[in-house]
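Chemist: Structure in structure tokens, see below.
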Amino acid sequence: MTDEVAKPKRVRKVAEPILYPITDEDWLEIKHYVEKWRPLLGLKDWRISLMKKRYKGKDLGWVEMFLDAKLARVWVSESWGSEPKDPGEAEQFVIHELLHVRNKGMLAFAADHGASSHEDVLSEEHSQINILEDLLFNAYGDKHGPVQTK
């Protein structure tokens with residue numbers, strides 16, 4: 001007989017299922033609007049990819065940029081479908097995230113010129129982006145709801 005100590009079994013934590021995952025239709029709609037708005041915002045020379053990610057925060061998405069490579073990843077929360085979307089919401093989301101890419105130098109410029117805090121700069125950037133998003137969507141957005149995919 002040996003005096004072996006029983007090792008506790010490792011229990012793998014299983015991720016909670018997403019109650020309202022992003023649909024293929026939502027994904028195609030978002031993709032369509034990236035292709036529509038990329039040239040309109042002067043981002044033709046940027047590689048922009050869409051990525052899905054499980055995210056528990058309140059944001060439906062965010063953008064990650066690699067300035068030297070002119071690469072941007074637009075992350076879309078897998079819980080995109082958790083609330084009903086108004087017609088045009090996907091397009092406004094894309095406009096908003098691509099405006100972050102368009103304004104890529106704003107944070108660096110502000111930091112180099114003595115901005116009081118990073119949070120102040122981010123707050124001002126979002127204020128400007130929200131205004132531009134509304135103006136651009138009202139001027140050029142699809143007014144007839146989501147793109148029909150079949």
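Chemist: Just one of (1) in contact with a Gly (Cβ under 9 Å, 6 or more places away or on another chain); (2) surrounded by 14 or more Cβ atoms within 10 Å (Cβ to Cβ); (3) at pLDDT below 85 trips up residue 115, so point out which.
Modeler: Failed condition: (1).
Chemist: Next question. Here's a check for you: in the stretch 118-150, which residue that is surrounded by 10 or more Cβ atoms within 10 Å (Cβ to Cβ) and aliphatic (A, V, I, L, M) is modelled with the lowest pLDDT?
Modeler: Only one residue fits best here, namely 147.
Chemist: Which residues, counting only those in the stretch 37-63, are without any contact (Cβ under 8 Å) to a residue 24 or more places away in the chain and either touching a His at 6+ places or on another chain (Cβ under 6 Å) or under 15 Å from residue 95 (Cβ atoms) (or both)?
Modeler: Selection gives 39 alone.
Chemist: Considering only residues that are modelled with pLDDT under 75 and among the aromatic types (Phe, Trp, Tyr), which ones fall in the stretch 81-112?
Modeler: Once the filter is applied, which keeps residues that are modelled with pLDDT under 75 and among the aromatic types (Phe, Trp, Tyr), the stretch 81-112 yields only 109.
Chemist: Which residue out of 81, 61 is surrounded by 12 or more Cβ atoms within 10 Å (Cβ to Cβ), over 12 Å from the mean Cα position of the chain (by Cα) and small (Gly, Ala, Ser)?
Modeler: None of the others qualify; the one that does is 81.
Chemist: Same structure again: What is the number of the single condition among (1) assigned to a loop (DSSP other than H, G, I, E, B); (2) at pLDDT 85 or above; (3) basic (Lys, Arg) that residue 38 does not meet?
Modeler: Single failed check for residue 38: (1).
Chemist: Tell me, yes or no, whether the stretch 14-24 has at least one residue that is farther than 17 Å from residue 133 by Cα, hydrophobic (A, V, I, L, M, F, W, C), at pLDDT below 90 and within 15 Å of the chain's Cα centre (by Cα).
Modeler: Yes, the stretch 14-24 contains a residue that is farther than 17 Å from residue 133 by Cα, hydrophobic (A, V, I, L, M, F, W, C), at pLDDT below 90 and within 15 Å of the chain's Cα centre (by Cα).
Chemist: Need the failing condition index for residue 72 against (1) hydrophobic (A, V, I, L, M, F, W, C); (2) surrounded by 15 or more Cβ atoms within 10 Å (Cβ to Cβ); (3) modelled with pLDDT under 75, just the number.
Modeler: Failed condition: (3).
Chemist: Could you check the stretch 79-104 and list, in sequence order, the residues that are farther than 18 Å from residue 32 by Cα and not in a helix (DSSP H, G or I)?
Modeler: Those that are farther than 18 Å from residue 32 by Cα and not in a helix (DSSP H, G or I): 79, 83, 84, 103, 104.
The values are calculated or read from the model by the stated rules, or taken from the named source; none is laboratory data. Note that the coordinates shown come from a computational prediction; the quantities given were computed from them, not determined experimentally. FYI the Cβ positions are ideal-geometry reconstructions off the backbone, even for glycines, and counts take in every protein chain you see.
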